[in-house]
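Taking it in order: structure first as structure tokens, then the write-up.
The values are calculated or read from the model by the stated rules, or taken from the named source; none is laboratory data. Quick caveat: nothing in here was measured; it's all calculated off a predicted structure. With ideal geometry, Cβ positions are generated from the backbone for all residues, glycine too; neighbour counts draw on all protein chains shown. Surface accessibility is based on the protein's heavy atoms, side chains included, excluding ligands, DNA and RNA. Shrake-Rupley method; radii C 1.70, N 1.55, O 1.52, S 1.80 Å.
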Amino acid sequence: MSGKDEVEIASVGYRIAHWINLFLYTTLLLTGLVLLEIEIMAYILYPFAEPLAKLLRLEYGTGSITAGVLVSRFLHRFVGPLWGLLLTIYVVYLLATNRLEMFKALRKPLKAQIREAKALLQHYLTGKEIPEDVRQGMDRHNVLTVYLAILLAIGVIMVGFSGLALIYLPLPPTQHILVLMIHDAGFYLTVIFMLAHIYATLHPSNITLVRAIFGDGKVSLNWLSRHMNRYIQRAQIRR
Amino acid sequence: MVKLRFPRKDEGVAVLVNLDECIGCRACQIACQEWNGRKALRTSFSPTFTNPRDLHAEAWKVVFFNEFPVTKTLKVAEVETSISSVDVIPVPYNCLHCTEAPCGRACPVGAIKVSDEGAVVIEPGECIGCGFCQDACPYNVPRRGPDGMFYKCSFCVDRIQAGLEPACVEVCPTNVFKFTSMAEAVNIAKNMEAQGKKVYGLNVDSYTGGRLRWIFTASQEKAGRVFPAMFPESAKTPNSFRETVESLAIPAAGIISAIILGLLSFTWLRFKRKGTAESGGACR
């Protein structure tokens, strides 16, 4: 495929944002799991925590775990608001520059959306070919992606607001329990998104796109016409 | 690594609290503060004598004054006079040191230790101030201090290990508290129950271990008034949902991972057989 036939599908800014999101989410996931599931996470934490405890001159054993959890908790409470701030800036930027294209797939009639989602699910889970008419109507972000993004947005909003409340509000125990529950539920929603996202990423259909996201951001026009036909028409990309 | 060894239900020591003997002098409250080096708290007006109004990082034991309006009748010769009055039932209250303490199970750093005597103790240098212990406590006992860490009654474990009684027990002028072995305390409590007294701490919900290290007894009348509010028959940790989800997380993660790997292997094999690894058709 010649260079002329390649189309930039993920800009530098997009890829940087994706890297930042990946890094910060992973940090929050690991540090959060330390607080949620210490019985298991202690085994991962210990090799890092033990030298730290020695450095801080804490006693052997529980002291190192305490030091590790303390650092994890600090990171969790620092990175969480930071990520929230970056996400807010990013969304405001997308809205201000009219670049929030993700939800355009929702303009389709509900029946068409359900048909597309069903076809994609069957394709992902069983490898069944996507019907040609559905394929022709697929945009930059397909319906299934948008549904999952909504799930992620709900999860992030739940985690974000409850996280801020847990850090900054002096909550009485009953409210603390409720807010923590919202935080946990939001986290589980993001986990559902991440599992689906990782599954899609590792799916053979999406290898080209994954290479683009972690590479130069370009895909072949041929690939694009098979996967995002409607986007080609909308963005007036010449074949 | 972060594991607790809880004593058996018949192990350790216990305090039997006979509420019928309590006169509400608050000596136990002050002795607790004094022995544990807690700061004195500025008192404030409140609807009752209870001061401070609740457990506090500086007040690990508080005498709660339960007040009930009553009408008493005075009969002199043939004249009957009704007098409105208030009955006061003082209840000295602190951490109950549950047998399988939910706070100890919830602590992510193992800062809550269980001593050989069964005392559930927050190790001051190890608390990180997350508040999970407070969320887990069925009796809302641990309290956050000004340093962000949590504090609660330590059962005066340092005194017990030195052969002494807890400070509150030793100082009580009316012998409300009886500090003894768990087995003996349970026997005495059972005898008192047989004599018609109400006992709390023998058959509590199994979630908190089924037996407490603080066993409260009172006359039926007193118990009827204060037990329902202060000592729930079914003491459950408020965030048991979280604990349940946590226990399910590992098997769930294993099953989901297996399903994902299985499906991915299946689709990859199918696509390879077709030779269409990049032309399958979906997108992100």
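Descriptive notes on the structure:
- Selection count where residues are outside any loop (DSSP other than H, G, I, E, B) and either among the hydrophobic types (A, V, I, L, M, F, W, C) or more than 24 Å from B:K113 (Cα to Cα) (or both), scope the range B:158-169: 4
- Positions within the range B:146-169 being open to solvent by less than 30 Å² (accessible area, probe 1.4 Å), more than 13 Å from every other protein chain (Cβ to nearest Cβ) and of a type in the set (G, A, S), in sequence order: B:S154, B:A167
- Single condition A:D139 does not satisfy, out of (1) among the charged types (D, E, K, R); (2) in a helix (DSSP H, G or I); (3) within 28 Å of A:L100 (Cβ to Cβ): (2)
- Those residues of the range A:118-177 which are away from chain B (no Cβ under 11 Å) and hydroxyl-bearing (S, T, Y), in sequence order: A:Y147, A:S162, A:Y168
- For the range A:94-108, the set of residues classified as out of contact with any helix residue (DSSP H, G or I) (no Cβ under 9 Å at 6 or more places or on another chain), on the phi < 0 side of the Ramachandran plot and either open to solvent by 90 Å² or more (accessible area, probe 1.4 Å) or among the acidic types (D, E) (or both) consists of A:L95, A:R107, listed by residue number.
- Criterion (among the small types (G, A, S), part of a helix (DSSP H, G or I) and at pLDDT below 80) met by exactly one of B:S265, B:S247: B:S247
- Looking only at the range A:26-49, and only at residues there that are more than 22 Å from the chain's Cα centre (by Cα) and farther than 20 Å from B:C127 by Cβ, the one that is farthest from the other protein chains (Cβ to nearest Cβ): A:F48
- Residue within the range A:225-238 that is under 30 Å from B:A136 (Cβ atoms), within 12 Å of chain B (Cβ to nearest Cβ) and in a helix (DSSP H, G or I) present: no
- Tally, over the range B:247-258, of residues that are more than 14 Å from A:V191 (Cα to Cα) and not small (G, A, S): 3
- Among the residues of the range A:106-144, those identified as at pLDDT 90 or above and in contact with a Pro (Cβ under 9 Å, 6 or more places away or on another chain) are A:R115, A:A119.
- Check on A:L180, part of a helix (DSSP H, G or I), without any contact (Cβ under 8 Å) to a residue 24 or more places away in the chain and surrounded by fewer than 17 Cβ atoms within 10 Å (Cβ to Cβ): no
- Test: residue in the range A:136-151 that is open to solvent by less than 30 Å² (accessible area, probe 1.4 Å), more than 23 Å from the chain's Cα centre (by Cα) and β-branched (V, I, T): no
- Tally of residues being at the interface with chain A (Cβ under 10 Å from one of its Cβ atoms) and either in a loop (DSSP other than H, G, I, E, B) or open to solvent by less than 20 Å² (accessible area, probe 1.4 Å) (or both) across the range B:93-132: 14
- Residue among B:D54, B:D20 that alone is more than 21 Å from B:P173 (Cβ to Cβ), charged (D, E, K, R) and not in a strand (DSSP E or B): B:D54
- Those residues of the range B:220-239 which are within 14 Å of chain A (Cβ to nearest Cβ) and open to solvent by less than 40 Å² (accessible area, probe 1.4 Å), in sequence order: B:T237, B:N239
- So B:D135, is it open to solvent by 10 Å² or more (accessible area, probe 1.4 Å) and either without any contact (Cβ under 8 Å) to a residue 24 or more places away in the chain or within 11 Å of another protein chain (Cβ to nearest Cβ) (or both): no
- Checking the range B:176-191 against the condition returns a match, with at least one residue being open to solvent by 40 Å² or more (accessible area, probe 1.4 Å), modelled with pLDDT of 80 or more and among the aromatic types (F, W, Y).
- The set of residues in the range A:109-127 that are on the phi < 0 side of the Ramachandran plot, surrounded by 16 or more Cβ atoms within 10 Å (Cβ to Cβ) and not aliphatic (A, V, I, L, M) comprises A:Q113, A:R115, A:E116, A:H123, A:Y124.
- Residue in the range B:182-204 that is aromatic (F, W, Y), within 30 Å of B:S240 (Cβ to Cβ) and within 20 Å of the chain's Cα centre (by Cα) present: yes
- Condition met for A:L195 (facing chain B (nearest Cβ under 10 Å), more than 20 Å from A:Y231 (Cβ to Cβ) and part of a helix (DSSP H, G or I)): yes
- Residue pairs meeting the criteria (Cβ under 6 Å; at least 6 apart or on separate chains; first open to solvent by 20 Å² or more (accessible area, probe 1.4 Å), in the range B:52-71; second among the small types (G, A, S)): B:P52/B:A59; B:R53/B:S46; B:V70/B:S85; B:T71/B:S82; B:T71/B:S84
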